[in-house]
Amino acid sequence: MKHTTIGFVGLGRMGLNMAARLIDTGVTVVGVDESLTAQAAAQDGGVHVVSDLSVLIARLPAPKVVWLMVPSRYVDDVLEGLTAQLSAGDIVIDGGNSFYEDTLRRYKELGKHGIRFLDVGTSGGVAGAREGAALMVGGEKETVAEVESLFLALAAKDGYAHVGGPGAGHFVKMVHNGIEYGMMGALAEGMTVLHTHTSQFDLSLEAVLRPYEHESIIAGKLVSWLRQAYDEKQLDQIAGEVPRGETESEMEHLSSLGDMPVLEAALAQRQQSREDPSYTGKVIAALRNQFGGHKVIYSETNEDSNGQE
């Protein structure tokens, strides 16, 4: 079955870009968001913005499909509002950074009402949401197959996989985030060493990142985003502190599931930056802001710039 109409709850940076990508493929998106700014941007982007969940549900054909793209702390509240209005056979998809144990609980709770639930680990940052993301989907095979056209429309080429049963998508994404923490930490450490030797070797860090970015063993999106941060002189503007993000508590849990000294070191690195701001903290904060619009603290004004985790 190819679904041509979907409800979207959460039209922030990630949600709006994903909705816009679906619209490009001919899908009608009915969306809701509490932010007036988000509503206006979504309306301009072709989303049929409605006032609340009741109106959203009423606008969807059966079986209804609702995609959640909200911070994990709001998922239960949204589900509470949806459960009373959805019917058996309807599908809810959580594409945010929910903790997998919460996902398993929600799957069981919704199942009591006959509502089907899928969990999708979404990676690729704000740009990936618009240009094609990596999607790690968990849930029952039959339900995944029913809405697979949506996943294929949203994902980059070869970027979608049904990775396992209920909870698997968010579990796999949690492990992905742990790997990401370690990679970002290693990049930050390396750039800090380069920074401290700038005078000795007359280094241009912007120049260093060009060969790093192209065809080197460490080439990849993180290096590209880091090079962009240096080109934009972003590190000159922000403090050396990494604000606590939405996924950090999950990383603390992940480190308890196996022998993960790299992840533990990356966590300690971030936590230490809040007590003792550092150049390493600057690099990590700049990277997070580049790919996800995550919060940074500016060094001079100490004003926050907020992004959705």
Worksheet item: Are there any pairs, at least 6 apart or on different chains, whose C-beta atoms fall under 6 Å, with the first in the range 161-183 and within 22 Å of residue 143 (Cα to Cα) and of a type outside the set (Gly, Ala, Ser) and the second open to solvent by 40 Å² or more (accessible area, probe 1.4 Å) and outside any helix (DSSP H, G or I), and if so, which?
Response: 172/163
Practice prompt. Would you mention how many residues in the range 246-261 are farther than 14 Å from residue 177 by Cα and in a helix (DSSP H, G or I)?
Written response: 1
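Looking at the range 204-230 only, could you name the residues that are over 24 Å from the mean Cα position of the chain (by Cα) and either surrounded by 14 or more Cβ atoms within 10 Å (Cβ to Cβ) or closer than 18 Å to residue 293 by Cβ (or both)?
Start the filter on the range 204-230 by keeping residues that are over 24 Å from the mean Cα position of the chain (by Cα), which leaves 204-212, 214-217.
Correct list: 205, 208, 209, 212.
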Worksheet item: residue 264: assigned to a helix (DSSP H, G or I) and crowded, with 19+ Cβ neighbours inside 10 Å, yes or no?
Response: no
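Quick grid of which residues meet (1) more than 17 Å from residue 292 (Cβ to Cβ); (2) of a type in the set (S, T, N, Q); (3) at pLDDT below 95:
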{"site": "109", "(1), (2), (3)": "yes, no, no"}
{"site": "119", "(1), (2), (3)": "yes, no, no"}
{"site": "126", "(1), (2), (3)": "no, no, yes"}
{"site": "138", "(1), (2), (3)": "yes, no, no"}
{"site": "160", "(1), (2), (3)": "yes, no, no"}
{"site": "163", "(1), (2), (3)": "yes, no, no"}
{"site": "169", "(1), (2), (3)": "yes, no, no"}
{"site": "188", "(1), (2), (3)": "no, no, no"}
{"site": "192", "(1), (2), (3)": "yes, yes, no"}
Worksheet item: Does residue 192 count as in contact with a Phe, Trp or Tyr (Cβ under 8 Å, 6 or more places away or on another chain) and surrounded by fewer than 18 Cβ atoms within 10 Å (Cβ to Cβ)?
Response: yes
Worksheet item: Any idea which residue in the range 1-57 is nearest to residue 69 (Cα to Cα), counting only those that are part of a loop (DSSP other than H, G, I, E, B), open to solvent by 60 Å² or more (accessible area, probe 1.4 Å) and in contact (Cβ under 8 Å) with a residue 60 or more places away in the chain?
Response: 25
Fill in: Scan of the range 16-37 for residues that are farther than 13 Å from residue 153 by Cα and out of contact with any strand residue (DSSP E or B) (no Cβ under 6 Å at 6 or more places or on another chain), ordered by number
16, 33, 34, 35, 36, 37
Practice prompt. Could you tell me which residue of the range 58-69 is farthest from residue 133 (Cα to Cα), considering only residues that are of a type in the set (A, V, I, L, M, F, W, C) and part of a loop (DSSP other than H, G, I, E, B)?
Written response: 62
Practice prompt. Report the residue count in the range 122-145 for those that are in contact with a Phe, Trp or Tyr (Cβ under 9 Å, 6 or more places away or on another chain), farther than 21 Å from residue 16 by Cβ and either among the polar types (S, T, N, Q) or in a helix (DSSP H, G or I) (or both).
Written response: 2
Practice prompt. Identify all residues within the range 146-191 that are among the small types (Gly, Ala, Ser) and part of a strand (DSSP E or B); write none if there are none.
Written response: 155, 156, 159, 161, 164
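The values are calculated or read from the model by the stated rules, or taken from the named source; none is laboratory data. Just so it is clear, the structure is predicted and the values come from calculations on it, not from any experiment. Positions of Cβ are backbone-derived with ideal geometry, glycine not excepted, and every protein chain shown enters the neighbour counts. Note: areas computed on protein heavy atoms with side chains; ligands, DNA, RNA excluded. Shrake-Rupley method; radii C 1.70, N 1.55, O 1.52, S 1.80 Å.
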